[in-house]
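Enquirer: Below is a structure I'd like to ask you about.
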Amino acid sequence: MWVHLIFLKLELKRACKRLPHLYAGAIMLFVMAGVIALLSSRMLYGDQVVGRVPVGVSVPQKDVLARQAVQMISSLESVESVCDFQYMDRETCLRELDRGNLYAVLDVPEGFVEGIMNGTNIPVKVWLSEDAGAEGKLFQELADAGALTLSASQAGIYAGNELYQTMGLHEAVRQLEADLNKKYMDYSLGRAGYFRHQSVQATGDVSTSEFYMISVYVLFLFLGAIPVSGYLLPAKHVMRRKLKLFGIGKGYQAAVKVLAVGMLLSAATLPVLTAAVWTGLAEGSRFLAAAWLLSCIGAAAVVVLVYELAGSLLGGIMLLFFVITAQHFLAGGFLPLVFLPASVQNMAAWLPSAILMDTIKMAVTMTWEWETVLECGALIGGAWLLAMLAEVIRS
Amino acid sequence: MMLVAKDIYKCYHRRDILKGVDLMAKPGECVGVIGSNGCGKTTLLSILAGTVRADRGQIQAGGHDIRRNPKDYARSVAYVPQENPLIEELTVKDNMLLWYKGSRKRMKQDLEEGAAGILGIGPMLGRRVDQLSGGMKKRLSIACALSNHAPVLILDEPGAALDMECKADIRRYLIRYMAQGGAVILTSHETAELSVCTRMCVLRDGKLTPIEKGMSEEQLIKEIRGDVCID
């Protein structure tokens, strides 16, 4: 028993000597992650980052009805909350679109409203900027939704029209269309309040920003071990065999290594967590403490397994990077799971990143889920067993 | 204590490395095992030290079969493998503490009058192992191996890559160890190192054959190759 404690103490001491490497690596990793986030946000939003979507509208000067219709559309809540309609002539609209000052242009044709009334439906041309990014896509979605609403209302009017024609009420058709137009608008606007607004997050119980903070934290836990690869290298066979003679078996050696790496990862993430609590980003609680410790040990177990499987320094680094990045993607760490195929979603629950992200979510949502804790325990136990097995196979 | 190995067999990847090896090392005796590269010397020593399991055969220390209990091995045999079993990032003192199972008292005693003291470990206690020379590491490995005061010392090419002075120091220590009643089994490719041996054996085709002591290098080469010795 005494020799076990001595071995544990010496391994922890040995691991502590790697702390400067770990902190240096952590700083590098954060700088890299920052640069990647900055570049991807630039790619997504183009050069300008704006909250609202400026849209140019070109309406024929003499067409008062078309102008009124566009004004009505622009006053709808869903449009008004996102878009700023700017009225100008067609050439100016397209020039501003080219310059990147507008994300989209609505080119309303002559006789637009009459077309809706008589069913000829002269289309509105929508011009989108090639570099519009997320804002342009948002406007496109709004325009498509508007077209869909319009087609549904027209279908209702045409159905009434046809019914009257079949019943021989030819003279009443005009009045019916006028009445349906008015009543459709009255009811569609009036009944909107009866439908509850329910926001559904692709990221589940946490907000998008919380989701990505958790994802980055878990990825950092795994990749943060790269600077301490020297410590993670499997011990020499002769050393392992001599230790076994002293009663320190493969299982204990692997368990001590998991503990030591877990301690290193805890030390690396402690300043980040402290800063998060201090700035109010996270709430200091027993959930946070438990989730933090569990996630560090869980990540350590996986990292130890990867290096045992690789058996060499370079192999370990390569395997850790590629395996962790791939499984993090499949676990929905980069894109939330709802955007991934169903087969990936089914598999994701068993991946280490998904288990550790669920563990951290407990701290964010302040709920204790035994199922998640057991999954994390199984991850630690499974990785430890496989690490031992890998050593047996290699030797 | 006498170490006796009887009828040892070992097979690796369907290749028979040891085919019924018998070996005995009495107190005060040094048995030298020679053989060509890859003939199974390290395998034989690893089996005697308990770090590798034999497919068949018996190993007795002081009349007891020690194969089934690792603790018996640890008590009876001190093993110094070719590769030093040391934790490079830690200090000499930390490494010694591990093999002394945390007993500072026993370690201090040995540093004053035991193997560690004779091998000159005292002055380098605070140094990190990765800053030591090959000779210093080998001395430390021997001192760590002898932390259990085992009556049998097994060394696998102890002088490999060491300077003349260090080899001489190790030879002097072995002579002293034997004089105190210890039994030594060692392998080497160097005649000077084998000069401390009281008995010699050659491992060839999986069998251990006794040979005469004090042979010249040429004669030893012939024995290793299996050529007929005219003299």
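Enquirer: With θ set to phi - 60°, apply the Karplus curve 6.51 cos²θ - 1.76 cosθ + 1.60 along segment A:81-93 and write out the HN-Hα couplings as whole Hz, x wherever there is a Gly or Pro.
Expert: 6, 10, 10, 10, 7, 10, 8, 7, 6, 4, 5, 4, 4
Enquirer: Measuring from label point to label point, each 7 Å out along Cα→Cβ, what is the A:T274 to A:H170 span in nm?
Expert: 8.9
Enquirer: If I fit a long axis through the Cα atoms of helix B:104-113 and take the longest principal axis of the Cα atoms of chain B, what angle between them do I get, 0 to 90°, rounded to 10?
Expert: The angle comes out at about 70 degrees.
Enquirer: While we're on this one: What FRET efficiency do you get for B:R128 and A:D98 if R0 is 60 Å and r is their Cβ-Cβ distance, rounded to the nearest 0.05?
Expert: Between B:R128 and A:D98 the formula returns 0.35.
Enquirer: Relative contact order of chain A: what whole-number percent is it, with Cα pairs under 8 angstrom and at least 6 residues apart?
Expert: It rounds to 16 percent for chain A.
Enquirer: Using only Cα atoms, find the angle between the long axis of helix A:370-394 and the longest principal axis of chain A, and express it within 0 to 90 degrees, rounded to the nearest 10.
Expert: The angle comes out near 50 degrees.
Enquirer: Grab the alpha carbons of segment A:53-188, take their convex hull, and tell me the volume per residue in Å³.
Expert: Dividing the Cα hull volume of segment A:53-188 by its residues yields 104 Å³.
Enquirer: Ok, one more. Averaging over every viewing direction, what projected area does the convex hull of the Cα atoms of chain B cover, in nm²?
Expert: Averaging across all directions leaves 12.7 nm² for the Cα convex hull.
Enquirer: Separate question: What residue among A:V338, A:V302, A:V258 shows peak mean-square fluctuation when chain A is described by a Gaussian network model with Cα springs under 10 Å?
Expert: The residue with the greatest mean-square fluctuation here is A:V338.
Enquirer: For segment A:191-331, what is the Kirkwood hydrodynamic radius in Å, using each pair of distinct C-alpha atoms?
Expert: For segment A:191-331, the Kirkwood estimate is 17.4 Å.
Enquirer: Ignore the peptide's own chain and count Cβ atoms of other chains within 10 Å of each Cβ in B:144-150; give me the average, rounded.
Expert: Mean shielding by partner chains, rounded to a whole number: 1.
Enquirer: Pick from B:M124, B:M200, B:M178: which is most flexible by mean-square fluctuation in a GNM of chain B where alpha carbon atoms under 10 Å apart are linked?
Expert: Of B:M124, B:M200, B:M178, the most mobile in the Gaussian network model is B:M124.
Enquirer: Report the equivalent ellipsoid semi-axes for segment B:1-117 in whole Å, largest first, defined as the square roots of five times the eigenvalues of the gyration tensor built from alpha carbon atoms.
Expert: 29, 17, 14
Enquirer: Sticking with this structure for a sec: For chain B, modelled as a GNM with alpha-carbon contacts under 10 angstrom, which of B:K71, B:K167, B:K213 fluctuates the most?
Expert: Result for chain B, Cα springs under 10 Å: B:K71 fluctuates most.
Enquirer: Sticking with this one: Cα-Cα over 20 Å: which of A:K137/A:K361; A:K13/B:K101; A:K13/B:K108; A:K9/A:K244; B:K6/B:K207?
Expert: A:K137/A:K361; A:K13/B:K108
Enquirer: Related question: With a 10 Å radius around each residue's Cβ, average the other Cβ atoms per peptide and rank B:151-161, B:111-121, A:29-39, highest first.
Expert: Descending mean neighbour count gives B:151-161, B:111-121, A:29-39.
Enquirer: Moving to a separate point now. For chain B, what relative contact order do you get, as a whole percent, if you take Cα pairs closer than 8 Å and at least 6 residues apart?
Expert: 30
Enquirer: How would A:M362, A:M72 line up from fewest to most surrounding beta-carbon atoms within 10 angstrom?
Expert: A:M72, A:M362
Enquirer: So if I restrict to the alpha-carbon atoms in the protein assembly as shown, what is the Rg, and what is Dmax, the biggest pairwise distance, in Å?
Expert: Cα-based Rg and Dmax for the protein assembly as shown come out at 39.6, 136 Å.
Enquirer: Taking Cα pairs under 8 Å and at least six residues apart, what relative contact order does segment A:53-188 come out at, in percent?
Expert: 22
Enquirer: How long is the gain from A:F30 to A:S343 if the chain were fully straight, where each residue apart is worth 0.36 nm and the alpha carbon distance is subtracted?
Expert: Full-extension gain reported as 109.5 nm.
Enquirer: Now, a different point. May I ask you to compute the full-extension gain from B:H64 to B:E113, defined as 0.36 nm times their residue separation minus their alpha-carbon distance, rounded to one decimal in nm?
Expert: Gain on extension, B:H64 to B:E113, equals 14.6 nm.
Enquirer: For A:W292, A:W370, B:W99, A:W350, which order do you get if you count the other beta carbons within 10 Å of each Cβ and list the fewest first?
Expert: Least crowded to most crowded, the residues run A:W370, A:W350, A:W292, B:W99.
Enquirer: Can you compute the FRET efficiency between A:E371 and B:A161 using 1/(1 + (r/R0)^6), with r the Cβ-Cβ distance and R0 = 56 Å? Round to the nearest 0.05.
Expert: Computed FRET efficiency for A:E371 and B:A161 comes out at 0.50.
Enquirer: Also: Hey, how many Å between the Cα centroid of segment B:154-195 and the Cα centroid of segment A:207-240?
Expert: 45
Enquirer: Within 10 Å of each residue's Cβ, count the other Cβ atoms and sort B:R172, B:R139 from fewest upward.
Expert: Least crowded to most crowded, the residues run B:R172, B:R139.
Enquirer: Also, quick follow-up: Are there any GluC sites (Glu not before Pro) in segment B:153-231 that are in a DSSP loop and have at most 15 other Cβ atoms within 10 Å? List them by number.
Expert: Sparse-neighbourhood loop GluC sites (Glu not before Pro): B:E190, B:E212.
Enquirer: Now, a different point. I'd like to compare A:303-314, A:154-165: which one has the highest average count of other Cβ atoms within 10 Å, and what's the full order after that?
Expert: A:303-314, A:154-165
Enquirer: Continuing with the same structure: Tell me what chain A gives for mean residue ellipticity at 222 nm when only DSSP H runs of n ≥ 4 count, each as -39,500 (n - 2.57), the sum divided by the residue total, rounded to 500 deg cm²/dmol.
Expert: Mean residue ellipticity, 222 nm, calculated: -23000 deg cm²/dmol.
Enquirer: If you count, for every residue in A:230-242, the Cβ atoms of partner chains within 10 Å of its Cβ, what is the mean?
Expert: Mean shielding count: 5.
Enquirer: Using square roots of five times the C-alpha gyration tensor eigenvalues, list the equivalent-ellipsoid semi-axes of segment A:261-300 in whole Å, biggest first.
Expert: Equivalent ellipsoid semi-axes, largest first: 18, 11, 6 Å.
Enquirer: Hey, got the average number of other protein chain Cβ atoms within 10 angstrom for residues in B:94-102?
Expert: 5
Enquirer: Can you give me the long-range amide H partners of A:D84? Hydrogens built in the peptide plane at 1.01 Å from N, cutoff under 5 Å, separation of 5 or more residues or another chain.
Expert: Counting only residues 5 or more places away or on other chains, the set is A:V53, A:V55.
Enquirer: Right, something else. Tilt of helix A:133-167 relative to the longest C-alpha principal axis of chain A, in degrees (0 to 90, nearest 10)?
Expert: Roughly 40 degrees between the two axes.
Enquirer: Suppose R0 equals 30 Å. What FRET efficiency, 1/(1 + (r/R0)^6) with r the Cβ-Cβ distance, do A:S312 and A:K13 give to the nearest 0.05?
Expert: 0.75
Read-outs: derived from the displayed coordinates by stated rules, not from any lab. Worth saying up front: this structure is predicted, and the values here are computed from it rather than measured. Using ideal geometry, Cβ is built from the backbone for each residue, glycine included, and neighbour counts are taken over all protein chains shown.
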